[in-house]
Amino acid sequence: MISDEDSQVPIWSYRVNLDKRVRSDHPLRRIRSALDLSFVRKAVAHTYGKKGNKSVPPEVIVRMMLLLFLDDIKSERELMRIIPERLDYLWFLGYGLDDQIPDHSVLSKARKRWGKEVFVSLFSQVVQQCVEAGLVEGSKIHVDASLVEANASLGSVKPLDPEVVKAIEQAAKEQVQKLDEQDDEQDPPSEGGDSSTGASVGRYSKTNRQFRSTTDPDATLVRQGGLKSALRYKTHRVVDDAHEIITAVETTTGAVDEASQLLSLIEAHEDVTEQGVRTVIADARYGSISNLIGCQKAKIRAHVKLLGEANRGKGRSEGIYSDEHFSYDPLTNTYRCPANEIMKPRRLHPQRQTWEYVTAKGTCLVCKLRALCTRSRTGRTIHRHRDQAVLDKARQIANSRAAKADLKRRQHLMERSFADAANCHGLKRARWRGLWRQAIQDLLIATVQNLRKLLRHLSQTDSGLAYLLTELLQCLSTLLDANLDVPCDQLTS
């Protein structure tokens, strides 16, 4: 017999138990049991007063922000509208059916009050849980970066005041001049010479020194893939090779050079995982001389595609002798060219940290091999880095068979990490404005991705333990049914 539909909506319900309404294997139930947020209250206590209205508990605010990126909800207003409709959300946040959901402004006020330190701690705690679960091997890492569209349009870009532009350029000149003075005091290179590396000066492009967005001043104009310039940020990541856990995150403006972040990202990975890096894998954007030397000195194998390697022998250098045709004598600190002429050091390049070697004045002008050696009017020059021996060793490692295999794996591993963040958690575009707010977004997205991997691992572990327990019970049942006389100690083992 088919029953009729009951159109009478119950007005009251006294038997609603949200804990029973959320299934036992629900992802939010696992997140709540695995994630300890007790540190949040202590970390933000100093930002609250002792009098006035009681705020939303800090733990609840963090859970709301996790939901925002876990399910890629388009806005905080939308999140607050969805929460009363979702029993699992209410249970996860600790609300009842009749509780008042706070206004969306609670989240923005909390971010402004807390800063990004709380979210750094949250990310680090999840990474440490992954380490304890055996998901982080630590010694081999992959590094890459991705551009993120800023929450501002090109219409907001306006030219800066001439006085501001002049002040920015003057500050950059003073910084470069200071480095030049330090470099000029160095001695010429020798076999046992100074092994220090010079610092690099991070500078915006000429466009970003003259124009700035009035909506989001921290975002910078970046051109990508031949398309028009757009306001962007850049998120840098370290991904562990074992199970693709994100172990370090750094956020910069879109115009920052990726190579400048490599060594600091390695240090951040080692701090949070407490494990030393032995191999770092990255593309050609990280293949700068300073990175190769820095990794080699730190005893880290840099499996990095060398910067400019693909263009060697092309352009102006096509058809002329390469540097390999010039032999170096460490005893006399000189080069010998293919024409058997001596080349001596002339000066130290202040930014490249390389010494320039040249022949005696007028030697190249009358040389018979000039057409095969140089197209310069003044003659051929050879550049040698102050740490050339270290650099040669690093380049040898970067060109090894193991490095090529790791670079091939890096291509799909890093693309998968960023694609998952963009397609499932909203990495494509900034939700908020300002560099520190974008840093919070990047940290939350990485935290959510790591949580998903951690929960998947715990779920598989629980299933394996349940299977072993079932097998053990079946064995015990079989022994008891057979009435076998088995000692207790053997039965336990």
Q) Applying the selection to region 274-295, what residues are under 26 Å from GLN128 (Cβ atoms) and among the small types (Gly, Ala, Ser)? A) GLY276, ALA282
Q) What are the residues in region 355-370 that are assigned to a strand (DSSP E or B) and surrounded by fewer than 18 Cβ atoms within 10 Å (Cβ to Cβ), if any? A) GLU356
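Regarding region 194-204, can at least one residue be identified that is among the aromatic types (Phe, Trp, Tyr) and modelled with pLDDT of 95 or more? Quick ask: steps written out before the conclusion?
Keep residues of region 194-204 that are among the aromatic types (Phe, Trp, Tyr), which gives 204.
Then keep just the ones that are modelled with pLDDT of 95 or more; that gives none.
Scanning region 194-204 turns up no residue that is among the aromatic types (Phe, Trp, Tyr) and modelled with pLDDT of 95 or more.
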Q: Could you please tell me which pairs satisfy a Cβ distance under 9 Å, a separation of 6+ or placement on different chains, a first residue in region 48-61 that is over 14 Å from ASP103 (Cα atoms) and touching a residue at least 12 places away in the same chain (Cβ under 8 Å), and a second residue that is aliphatic (A, V, I, L, M) and part of a loop (DSSP other than H, G, I, E, B)?
A: PRO58/LEU37; GLU59/LEU37
Q.
Tell me whether region 437-451 contains one or more residues that are touching a residue at least 24 places away in the same chain (Cβ under 8 Å) and surrounded by fewer than 18 Cβ atoms within 10 Å (Cβ to Cβ).
A. no
Q. What's the number of the condition ARG431 fails, among (1) in the same structural domain as ALA298 (by TED's automatic domain parsing); (2) part of a helix (DSSP H, G or I)?
A. (2)
Q) In region 87-104, which residues are among the charged types (D, E, K, R) and surrounded by fewer than 16 Cβ atoms within 10 Å (Cβ to Cβ)? A) ASP98, ASP99, ASP103
**Q.** Single residue of LEU473, LEU484 found to be at pLDDT below 60 and more than 28 Å from GLU250 (Cα to Cα)
**A.** LEU484
Q: Please give the number of the condition ALA45 fails out of (1) without any contact (Cβ under 8 Å) to a residue 60 or more places away in the chain; (2) hydrophobic (A, V, I, L, M, F, W, C); (3) not in a helix (DSSP H, G or I).
A: (3)
Q.
Let me confirm something: among GLU59, GLU78, which residue is of a type outside the set (A, V, I, L, M, F, W, C), assigned to a helix (DSSP H, G or I) and over 22 Å from ALA439 (Cβ atoms)?
A. GLU78
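Which of the following residues is buried (at least 17 other Cβ atoms within 10 Å of the Cβ) and under 24 Å from LEU435 (Cα atoms): LEU28, LEU37, LEU68?
Among LEU28, LEU37, LEU68, only LEU68 is buried (at least 17 other Cβ atoms within 10 Å of the Cβ) and under 24 Å from LEU435 (Cα atoms).
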Q. From the list ASP323, ASP329, ASP406, ASP392, which residue is surrounded by fewer than 16 Cβ atoms within 10 Å (Cβ to Cβ), closer than 18 Å to ASN291 by Cα and acidic (Asp, Glu)?
A. ASP392
Q. How about region 87-187: which helices (runs of 4 or more DSSP H) wholly inside it have at least 3 residues that are at pLDDT 95 or above and within 22 Å of the chain's Cα centre (by Cα)?
A. 117-132
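The values are calculated or read from the model by the stated rules, or taken from the named source; none is laboratory data. Just so it is clear, the structure is predicted and the values come from calculations on it, not from any experiment. Neighbour counts are summed over all protein chains in view; Cβ atoms, including those assigned to glycine, are modelled from backbone coordinates with ideal geometry.
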